[in-house]
Amino acid sequence: MPSELRIGDIVAGFRIDSLIGQGAVGSVYLAEDVQSGSAAAVKLLGDELAGDERFRQRFLRESELAASLDHPHVVATLAAGEAADGRLYLAMEYIDGSDLRELLRREGALEPSRAIDLVGQVGEALDAAHAAGLVHRDVKPGNVLVAERVEGEHAYICDFGLARHVSSVSSLTGDRGFVGTIDYVPPEQIAGGEVDGRADVYSLGCVLFECLTGSRPYERESELSVVFAHLNEPPPRLSDFRPELPQAFDDVFATALAKAPEERYATCGDLVAAARAALRGEAPAQRAGSRRRRAAVVGAAALVVSAAAIGGVLATRDGGPPRRVGISQSAIAGATLGRTEAAYKKLYGPGWRSDILTVPGFRALIFASRRQSVYFDPDTGRSIIVTTWNPDHRTTAGVGPCSSLEELKSAYGSALKPSRWNTQEGQVYAYTVGPNLLFAFNGRPPNPSKRVTTVALYDGNGPTDDGRGVDARNGTLPFAGYIALSESVCS
Ligand SMILES: Nc1ncnc2c1ncn2[C@@H]1O[C@H](COP(=O)(O)OP(=O)(O)O)[C@@H](O)[C@H]1O
Ligand SMILES: [Mg+2]
């Protein structure tokens with residue numbers, strides 16, 4: 001069996017033009033319907049799938065079901081079946097545009113109204129599918145296609161039910177029981193149980209989160225820790241990433257990404273309506289059965305307020321309420337690691353200057369009025385460290401620049417660890433918390449500062465201690481300590 005198609009080959013009445021893209025389960029080609037001459041996208045599944053009889057039957061049966069979905073925001077299925085060489089194919093309407101994953105890669109976080117609009121269109125399609133008894137099970141940016149139309153952007157969802165077929169083929173999924181990305185998958189699906197439309201609500205919530213922040217809800221170092229986070233960790237708060245957006249969004253994501261399906265929005269439409277209300281600055285509507293979740297949210301807020309009371313340093317803006325924002329293991333004020341200079345300029349707007357550090361020669365982008373900097377790896381052009389010395393920025397434990405060592409200790413206990421690479425003659429000039437955060441206490445030796453001078457987010461790539469001092473190429477932890485000691489407002 002040929003494993004790749006050639007230009008001009010005809011599959012089930014479609015003439016293959018060119019390869020559009022490759023996914024986890026096969027390749028997608030731009031093709032032409034030989035009879036009508038109209039464009040089509042033909043997805044050809046891998047050989048191993050056609051070889052699995054159970055998969056084959058389910059695929060053929062359920063493609064028919066998916067084909068019955070006629071909705072303006074669902075990519076229409078034109079045909080599905082086996083090609084002459086025995087391989088399975090799915091022919092779809094060709095969408096001339098780009099998928100949402102590509103769009104986010106290109107543009108970073110989207111304007112909130114645009115994000116909600118795109119996600120809202122997909123939500124309409126999903127709700128219609130749920131009403132027809134179909135669950136998508138693989139809602140992710142890569143399965144949302146976006147086309148420019150005169151009336152604006154038009155979003156389509158594709159690959160209905162494919163994940164379900166695929167997850168039944170153990171030769172493909174191995175021990176994982178899953179093909180593709182785990183970033184958007186709800187707990188009950190990870191657990192392998194029955195799922196209903198609320199699984200898609202969860203995934204769509206993850207997609208909305210990524211559209212608003214440019215980051216997936218649980219960005220972790222390993223796939224296993226992403227799985228753990230879906231199962232156990234509280235949903236992320238949008239305010240940690242986009243502090244300038246209404247805080248009501250926190251509640252929207254707490255509900256959309258609730259672990260238990262019955263605590264989520266019942267429909268995608270409800271999720272999108274809540275997001276629209278949050279954007280207008282309205283408090284989210286009460287949901288039956290959400291008392292426990294609410295209590296948890298209030299508890300977290302109380303914790304932050306008390307930490308602020310101890311510190312007495314939370315700045316207020318325009319006399320408004322204290323801001324509690326910004327610092328997490330994956331972002332500082334919305335800035336995640338691994339992006340290009342352009343991405344940060346876009347995120348924060350004008351007001352930057354760039355600098356070349358003489359030692360050790362890395363580029364930096366400094367947002368002086370925001371009291372933040374970003375440092376780039378000269379080889380990849382991507383950021384490896386983000387720092388803040390802005391006292392408005394706080395971790396969820398309520399500490400940040402200008403906090404005292406005592407406050408850090410009471411916030412983190414034994415999780416607060418002296419950074420060996422920033423310890424000189426027994427004096428500790430920086431501490432780490434978790435794999436990505438460093439709290440610097442700049443000061444002229446032999447006296448470290450009494451308060452946090454700068455917080456640095458680094459890429460968790462710690463060094464081995466060769467005893468020869470700072471070398472960023474050995475890992476970003478000593479480098480983070482080094483540069484964090486050069487920026488401060490508190491001393
Ligand atoms: N109907 C379609 N029209 C245009 N492009 C498509 C269509 N279906 C899929 N694609 C593109 O083909 C690529 C591969 O798709 P796929 O095999 O489903 O992988 P994945 O969903 O894992 O990204 C995607 O990047 C998508 O943009
Ligand atoms: Mg796909």
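The values are calculated or read from the model by the stated rules, or taken from the named source; none is laboratory data. Everything numeric in this text was worked out from a predicted model, so none of it was measured. No Cβ is skipped: glycine too gets one built from the backbone with ideal geometry, and neighbour counts run over all protein chains shown.
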- Query: Do you know which residues across segment 88-101 are of a type in the set (D, E, K, R) and either under 26 Å from L347 (Cβ atoms) or within 18 Å of the chain's Cα centre (by Cα) (or both)?
  - Reply: D99, R101
- Query: Listed residues G326, G338, G400, G334; which is surrounded by 21 or more Cβ atoms within 10 Å (Cβ to Cβ) and modelled with pLDDT of 85 or more?
  - Reply: G400
- Message: Looking only at segment 228-269, filter to residues that are more than 18 Å from the chain's Cα centre (by Cα) and not in a helix (DSSP H, G or I); which one of those is nearest to G192 (Cα to Cα)?
- Response: A260
- Task: Return yes or no: is T432 under 21 Å from S225 (Cβ atoms) and modelled with pLDDT of 85 or more?
- Result: yes
- Task: May I ask you to verify whether P378 is within 21 Å of G481 (Cβ to Cβ), at pLDDT 85 or above and not in a strand (DSSP E or B)?
- Result: no
- Could you please find all residues in segment 220-238 being in contact with a helix residue (DSSP H, G or I) (Cβ under 8 Å, 6 or more places away or on another chain) and surrounded by 18 or more Cβ atoms within 10 Å (Cβ to Cβ)? R220, V227, H230, P235, P236, R237, L238
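Suppose we keep only residues that are modelled with pLDDT of 85 or more and in a loop (DSSP other than H, G, I, E, B) within segment 36-53. Which one would you say is surrounded by the fewest Cβ atoms within 10 Å (Cβ to Cβ)?
G37
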- Note on the structure: Of (1) in contact with an Asp or Glu (Cβ under 9 Å, 6 or more places away or on another chain); (2) at pLDDT below 90, Q57 satisfies every one except (1)
- Keeping to segment 21-30, report how many residues are surrounded by 17 or more Cβ atoms within 10 Å (Cβ to Cβ) and either in a strand (DSSP E or B) or free of Cβ contacts under 8 Å to residues at least 60 places away in the same chain (or both). 5
- When (1) outside the structural domain of L477 (by TED's automatic domain parsing); (2) buried (at least 18 other Cβ atoms within 10 Å of the Cβ); (3) among the polar types (S, T, N, Q) are applied to T388, the one that fails is (1)
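Can you name the residue in segment 110-120 that is in a helix (DSSP H, G or I) and surrounded by 20 or more Cβ atoms within 10 Å (Cβ to Cβ) and is also farthest from ligand 2 (Cβ to nearest atom) among such residues?
Checking each candidate, the answer is P112.
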- Item | Options T388, T454, T380; residue that is among the hydroxyl-bearing types (S, T, Y) and more than 25 Å from the chain's Cα centre (by Cα) | T454
- Item | In segment 411-433, the residues that are more than 30 Å from S354 (Cβ to Cβ) and surrounded by 15 or more Cβ atoms within 10 Å (Cβ to Cβ) | A411, Y412, L416, R420, T423, V428
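Conditions tested, residue by residue: (1) in the same structural domain as L19 (by TED's automatic domain parsing); (2) under 16 Å from the mean Cα position of the chain (by Cα).
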residue	(1), (2)
G86	yes, no
L103	no, yes
R106	no, yes
P112	no, yes
A115	no, yes
L118	no, no
Q121	no, no
A125	no, no
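Being in a loop (DSSP other than H, G, I, E, B) and in contact (Cβ under 8 Å) with a residue 60 or more places away in the chain is the filter; apply it to segment 88-98 and report the residue that is farthest from G142 (Cα to Cα). Before you say what the answer is, go through the steps one by one.
Going residue by residue through segment 88-98, those that are in a loop (DSSP other than H, G, I, E, B) are 94-97.
Keeping just the survivors that are in contact (Cβ under 8 Å) with a residue 60 or more places away in the chain gives 94-95.
Working: Y94: 15, I95: 13 Å.
Checking each candidate, the answer is Y94.
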- Scan segment 127-157 residue by residue and report those that are assigned to a loop (DSSP other than H, G, I, E, B), under 25 Å from the mean Cα position of the chain (by Cα) and away from ligand 1 (no atom under 15 Å from the Cβ). V135
- Task: Would you mind finding the one in D70, D85, D33 that is surrounded by 12 or more Cβ atoms within 10 Å (Cβ to Cβ), of a type in the set (D, E, K, R) and either away from ligand 1 (no atom under 14 Å from the Cβ) or touching a residue at least 60 places away in the same chain (Cβ under 8 Å) (or both)?
- Result: D85
- Note on the structure: Scanning segment 49-61 residue by residue, the ones that are in contact with a strand residue (DSSP E or B) (Cβ under 9 Å, 6 or more places away or on another chain) and in contact (Cβ under 8 Å) with a residue 60 or more places away in the chain total 3
- Of (1) within 13 Å of ligand 1 (Cβ to nearest atom); (2) at pLDDT below 95, S168 satisfies every one except (1)
- Residue in segment 54-73 that is within 16 Å of ligand 2 (Cβ to nearest atom), among the small types (G, A, S) and either in a loop (DSSP other than H, G, I, E, B) or farther than 21 Å from S38 by Cβ (or both) present: no
